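Notes to accompany the following structure.
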Amino acid sequence: MSGADVLALQHDLTAIGFSTPATGTYSRATMREIKLFQRKYKLQVDGVAGPLTFKKLQSMLSSANHITETAEVSGAADVATTAQTQTVPAADSLPSADSGGVGFAPTPESSSEVNATINPLTGLAVPAPGTPEAIVNVIDAANEIAFLPYIYGGGHSNYVTTASGAVKLEAGYDCSGSVSFALHGGGFLADPLDSTQFAAYGEPGVGNWISIYTDPGYHTYMEVAGLWFDTAAQSANNGDDRWSTTKIAEPGQSFSVHHPAGW
């Protein structure tokens, strides 16, 4: 078969180390890599991306913490029977309210960055006194999901507000879904963006309070008030906390940096 479902499978195999040409056609090369994957993880070696193979693939992708992303992920599926569907937006495909410029983003405040800290007991970020309210709200939103699991495609549904006015949480969030949720909490974003869309967000360069790093189709993370909020920071050693005081190295990757206008 061929199409977007096969292309997504090929990208996902490559993301976890099984280099597969991204042709969109279920080729002999694709079958070969599927068989290698199945053999390595002790699955039935038949070259078919069936339910068990796809379940293991999704598990490996989630544990990798940063993988190929798209704007919409329609749930786990199987190329042979219950295929996964993804939609890849154009690089400049941004909702009108989410340019990060004049409009939805809060008015910049003339204050210098004051570094936040991480509470050693809770692992949550604590804004310093004098931090602008918008940044405090970003940190508070990030704290809400700091320990939720990494889930491929998590955080890319439109935000739903509960009766209390809070945003309804999803079961887990991927890298750009995590950054989107935090920015939405601070009023910097109306709807979630993926790593490709973040490449066109806001203004280029490092910001004063917020800097968003993105490698389209690969990974997105951000620095806010001197702390790093990054799914790649999650590990068993820190209780799967997205917050970190140090930047996670990404050897061989090329990230651009953007920030909300004026911030």
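The set of residues in the stretch 232-263 being touching a residue at least 24 places away in the same chain (Cβ under 8 Å), more than 15 Å from the chain's Cα centre (by Cα) and in a helix (DSSP H, G or I) consists of Asn238 alone. Of the conditions (1) out of contact with any Leu (no Cβ under 7 Å at 6 or more places or on another chain); (2) part of a loop (DSSP other than H, G, I, E, B); (3) more than 22 Å from Gly262 (Cβ to Cβ), Thr196 satisfies every one except a single condition; which number is it? Evaluating Thr196 over (1) out of contact with any Leu (no Cβ under 7 Å at 6 or more places or on another chain); (2) part of a loop (DSSP other than H, G, I, E, B); (3) more than 22 Å from Gly262 (Cβ to Cβ) leaves (2) as the failure. In the stretch 178-234, the residue that is modelled with the lowest pLDDT out of those that are touching a Phe, Trp or Tyr at 6+ places or on another chain (Cβ under 8 Å) and hydroxyl-bearing (Ser, Thr, Tyr) is Ser195.
Just checking, how many residues over the stretch 244-260 are hydroxyl-bearing (Ser, Thr, Tyr) and surrounded by 16 or more Cβ atoms within 10 Å (Cβ to Cβ)? Here the count works out to 1.
State whether the residues of the stretch 125-140 include one that is assigned to a loop (DSSP other than H, G, I, E, B) and without any contact (Cβ under 8 Å) to a residue 12 or more places away in the chain. No.
With respect to Lys42, is the statement that it is exposed (fewer than 13 other Cβ atoms within 10 Å of the Cβ) and of a type outside the set (Phe, Trp, Tyr) true? The answer is yes for Lys42. What do you reckon, is Val45 in a loop (DSSP other than H, G, I, E, B) and modelled with pLDDT under 80? It is false that Val45 is in a loop (DSSP other than H, G, I, E, B) and modelled with pLDDT under 80. Counting residues in the stretch 167-183 that are on the phi < 0 side of the Ramachandran plot and in a strand (DSSP E or B) gives one or more.
Based on what the data block shows, is Val88 modelled with pLDDT under 50 and within 30 Å of Gly202 (Cα to Cα)?
yes
Within the stretch 23-60, the set of residues being touching a Ser or Thr at 6+ places or on another chain (Cβ under 7 Å), small (Gly, Ala, Ser) and over 24 Å from Tyr150 (Cα atoms) comprises Gly24, Ala29. Note on the stretch 115-172: among residues that are under 16 Å from Gly226 (Cβ atoms) and among the β-branched types (Val, Ile, Thr), the one that is surrounded by the most Cβ atoms within 10 Å (Cβ to Cβ) is Val138.
Selection of the stretch 227-243 for residues being crowded, with 20+ Cβ neighbours inside 10 Å and over 20 Å from Thr131 (Cα atoms) yields Asp230, Thr231, Ala233, Gln234, Arg242.
The values are calculated or read from the model by the stated rules, or taken from the named source; none is laboratory data. A quick note: this is a predicted structure, and the numbers were derived from the prediction, not measured. Positions of Cβ are generated from backbone atoms using ideal geometry, with glycine treated the same way; all protein chains shown enter the neighbour counts.
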